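Below is one structure, written out as structure tokens; the observations come after it.
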Amino acid sequence: DKAAALPNGMAREEFEEYQRQLLEEKIERDKVFAQRKAERATVRMHLRDKYHLAQDERDDAQVHVAGGAVELPQDLAAMVHSEKEEEDGSAGAFAFLAKLQEVELPALRDRALGGVDQVKEKCALM
């Protein structure tokens, strides 16, 4: 009767070993999943800190569940820091306006009209 309850004619010891392995694999997957969730929460926390946004308590809880100190993987850390460097590297709208003053509008206009003339020569429909 008990042998009929076990799948595929497994012996009781084999079935218990199989169940134990499944449980160990599930625990390992859960640990990896919790670590990844904590890494994502850490990235969100860094970005919120960088842009002076309000922190979310759920992110703190996810980091705490994963064991507290979570290190960002190099690729995620690079993403956070590269955005910071891009922001710091350009002075924003003021830098754009300063560069715009350096543009020679007559030369730009002549160049654009020359390009239109070249297209007209190549295209019979224009």
Checklist entry - Residue check: is residue 21 surrounded by 10 or more Cβ atoms within 10 Å (Cβ to Cβ) and either hydroxyl-bearing (Ser, Thr, Tyr) or in contact with an Asp or Glu (Cβ under 9 Å, 6 or more places away or on another chain) (or both)? => result no
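At least 3 residues that are at pLDDT 85 or above in each: list the helices (runs of 4 or more DSSP H) lying fully within the range 1-70 that qualify.
On the way: elements: 2-5, 12-50, 57-65.
By residue number, 12-50.
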Next on the checklist: Name the single residue that is surrounded by the most Cβ atoms within 10 Å (Cβ to Cβ) among those in the range 24-39 being within 18 Å of the chain's Cα centre (by Cα) and free of Cβ contacts under 8 Å to residues at least 24 places away in the same chain.
Outcome noted: 36
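The values are calculated or read from the model by the stated rules, or taken from the named source; none is laboratory data. Remember, predicted model here, so these are calculated numbers, not experimental data. When we count neighbours, we look across all protein chains shown, and the Cβ atoms used for this are built from the backbone with ideal geometry, even at glycine.
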